[in-house]
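Structure first, commentary second.
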Amino acid sequence: DVQTGDEAGSAPLIVVSNRLPFVLTRDKIGKLRRSHSAGGLVTALGPVVIKCGGLWIGWPGSHDMRTLDEIPEPDIPNGGLKSQQVKAVLVRQELFDSFYNGCCNGTFWPLFHSMPDRAIFSSETWKSIPLKDQHTKTKSVQAYQEVNEEFALKTIDALRQVHSRLLKEYNGNEDVMPVPVVWIHDYQLMLAAAMIRQVAIEENLACKLGFFLHIPFPSWDIMRLFPWDDQILEGILACDMVGFHIDDYCTNFIECCQRRLGCRVDHANGNVEYDNRTVHVRPLPIGIPFNHFQELALKAPRVMKDERVVLGVDRLDYTKGLVQRIKAFERLLERHPEHLERVVLMQIAVPSRTDVKEYKALKEEIDQLVGRINGRFSTADWSPIRYIYGCISQDNLAAFYRDSAVALVTPLRDGMNLVAKEFVACQINETGVLILSPFAGAGGTMREALLVNPYEVDMVSEMIHKALIMDVGERQRRMKLLRERESSMDVDYWMASFLREMQLVECAITGSPSSIPV
Ligand code: G6P
C-alpha cells in the first residue's frame, strides 16, 4: 500500500531514473542510512511523488543485496519518500559495471555528446553473447538490455501496486480512475519503456509513458554509428511523450526516426507516427530550484579572500572542456599581464565515473597542466590556479557563485548545463559575468551571457579579459535579465510543463474500460 495522503483525482506519478534520490550507505554499526542527493531533479520531483502517492524506481548507489528489504525511512518525518514509495533496483556488480561503465558511460555518453572517437562499441555491454568459458555460472553478459529489463520489471511491480490501490479507492470504477504516469529519465534507460508497454498491454494496466533525455540527442550522422540504433529509437518511441532540452535535439531525434525507422513525422508539430500511435516530441528546457540557490547565497558566509575570482565548477568530464579552459586562462596571463597577482582561476572538479579509463586519463592531464601553469606564474604569495578535486558543500558553492567576478561555463558539448543557472541564481548583487559555450543547451536561451566557442582558446582568453574589465552597469544589466528568466523558468516550471504535456496525451494501453467484462 502506497497511501501517503495523496490528493484525490491526481494521477499517481512513477519516476524511473538510474539513481534514486538518495544514496544508501552503511554506518559504523552496519545500519543503513540515506544520504541525500541535492540535485534539482530530486528537489522538484520528490514532493510531487510524495503528494500523489507515487513511487520512485532507481539504483541506490550500492551493490549490497541486503538493502533491498530494508530501505530506511527518511530522517525527517514527511521530509522524503517513504520506504514503500521506493523500489531499489539492484543487480550483480559485474552486470552493473558492464551496463554503467561500459554501455552508458563508455558508449552512449561520448556518442550522444558527438565524440564518437571516445566511444567503445562492444556487443558485450549491449546484448546477449555466449560466453567462451562454458564452466562459468554466468550465462551471458547482456548488460544494457538486462539492466533495463530489471528497471522495467520493478516499474511494472509499481504499476500493479498503484492500480490495485486505485481500484480500491474508486470501487473498481476504471472510468473515473486517474491514469498513472510513468516518467523515465535519461540515457541509462532508453529501452525500459518498450518492455513496460508490452507488459502493461498484456495485463491491461492503464498508464502513460514519458521519457526525458538530460543530455544532447545527436544528429543522424552520429546516431547511425551505434550498431543497434534502431533498438534505441524504438525503445524511446514506446513512450507517448518524449522531452528534450532544446529544439535541436528534438529535430535530431525526429530525423533519426524518419531515416532509420521510416516513420512518418511532422517536424512542425513535433510528432512521430510509430506503431499506430502518435509520439509527441517536445523541447522542455530544464531549470534549477532558483529560490533555493538564491536563499543559500543570501545566507552563506564569505569564504574567499579579497581577489578577483574566475570560477569553474564541473564534474571532471571530458565534455566540459576543462583542458581548453585552463589553457585559455594561461593565455590570458600571457596576453594581459595586468591580471597577474590580481586574478585567480578557481576550478572545482567533482570526481565522476572514476572507473572509466577516459576519466582517469583526464584527471592526470589536468593535474599536470595545473602544476605546470602554477609553476610558471606563481609568486611568493599568489598562484594563478586554485584547483579543488573533490566535492564542496552547497553553502560554500553558493558563496563561490555569489562572490566570483566571472563564471566560466565552457563545455565542448552539454545537454543543458545547470552550473550556468546556479551561478546566476546566486548572483544576488548582479555584478558577476557569465561566459558561456554555445554548445551547451543553456547557450540557446541565456543570451545575455558572453558566448564563446570553447575550442577557440585565444578567443576565450579575450572573453575573460572583456568580462574582467566590463563596467558595472553593463554587468548588472545582463545579470538582471539572466536572473529574471531563470527565476521564472525554474525546475518547478519545467516539471509542470512536462506533466501538462503528459496530461494532453491519450492513454494508448487499454481499450475503453467498458470493454472489460464485468
Ligand atoms: C548527467 C546525466 C545524469 C547523471 C549525472 C551524474 O547529468 O544526465 O543522468 O546522473 O550526469 O553522472 P553519474 O554517472 O554519476 O550518475
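What number does segment 178-220 give for Rg over Rh if you use C-alpha atoms and the Kirkwood radius? Numbers along the way, then the final one.
Details: Rg = 12.2 Å, Rh = 11.6 Å.
Result: Rg/Rh = 1.06.
Among Phe217, Phe293, rank each residue by its count of other Cβ atoms within 10 Å, from fewest to most, as a rough exposure measure. Spell out each step's value before the answer.
Working: Phe217 25, Phe293 28.
Fewest-to-most ranking of Phe217, Phe293: Phe217, Phe293.
Take each of the peptides 231-240, 152-161, average the number of other beta-carbon atoms within 10 Å over its residues, and list them starting from the highest.
Answer by packing, highest mean first, reads 231-240, 152-161.
Starting from the amide H of Gly415, placed 1.01 Å from N in the peptide plane, find each other amide H under 5 Å away whose residue is 5 or more places distant or on another chain.
It is Gly441, by chain and number.
Using Cα-Cα distances under 8 Å and only pairs 6 or more residues apart, what relative contact order does the chain have, in percent?
Values: 982 pairs, mean separation 70.7, N = 518.
Computed value for the chain: 14 percent relative contact order.
Would you mind working out the magnitude of the charge dipole of the chain relative to its Cα centre, with +1 at each Lys and Arg C-beta and -1 at each Asp and Glu C-beta, to the nearest 20 Debye? Display every interim value, and only then the final one.
Values: 58 positive and 67 negative charges, 182 e Å.
Value, rounded to 20: 880 debye.
Would you compute, for the Cα atoms of segment 261-331, the largest minus smallest coordinate along each principal axis and list the three values in descending order, in whole Å?
63, 35, 20
Counting only helical runs of four or more DSSP H residues, what would the 222 nm mean residue ellipticity of the chain come to if each run contributes -39,500 (n - 2.57) and the total is spread over all its residues? It would help to have the intermediate numbers written out before the result.
On the way: 17 runs with 198 residues, N = 518.
For the chain, the value works out to -12000 deg cm²/dmol.
Between Leu55 and residues 5 or more places away or on another chain, which pairs have amide H atoms under 5 Å apart, with H built 1.01 Å from N, and which residues are they?
Correct list: Leu13, Ile14, Val15.
Of the DSSP beta bridges with both residues in the chain, give the percent that are antiparallel, rounding to the nearest 5. Could the numbers behind the result be given before it?
Details: 13 of 58 bridges.
The answer is about 20 percent antiparallel.
For segment 235-381, take N as its residue count and report Rg(C-alpha) divided by 2.2 N^0.38 Å. Intermediate values should be presented prior to the final figure.
On the way: Rg = 22.8 Å, N = 147, 2.2 N^0.38 = 14.7 Å.
After normalising by residue count via 2.2 N^0.38 Å, the value is 1.56.
Going by average Cβ neighbours within 10 Å, how do the peptides 280-288, 267-275 rank, with the highest at the top?
On the way: 280-288: 21.7, 267-275: 14.8.
Going from most to least packed, we get 280-288, 267-275.
Report the one residue of Asn271, Ile196, Ile288 whose Cα lies farthest in the direction of the positive end of the charge dipole of segment 182-299 (charges on C-beta: Lys and Arg +1, Asp and Glu -1; origin at the Cα centre).
Of the candidates, Ile288 comes out farthest on the positive side.
If you bin every alpha carbon distance in the chain into 20 Å steps from zero, what whole percent lands in each bin?
21, 53, 24, 2, 0
Check the cysteines of the chain one by one and keep only those with no other cysteine Cβ under 4.7 Å from their own.
Singleton cysteines: Cys52, Cys103, Cys104, Cys207, Cys239, Cys250, Cys256, Cys391, Cys426, Cys507.
When ranked by the protection proxy of mean other Cβ atoms within 10 Å per residue, highest first, what sequence do the peptides 378-384, 241-247, 442-448, 333-339 form? Walk me through the intermediate numbers first.
Details: 378-384: 12.0, 241-247: 23.9, 442-448: 19.9, 333-339: 14.1.
Result, highest mean Cβ count within 10 Å first: 241-247, 442-448, 333-339, 378-384.
Computed from the coordinates by the stated procedures, all read-outs in this text should not be read as laboratory data. Just so you know, these numbers come straight off a predicted model, no measurement behind them. Because the Cβ atoms are built from the backbone with ideal geometry, glycine has one as well, and the counts that use them run over all protein chains shown.
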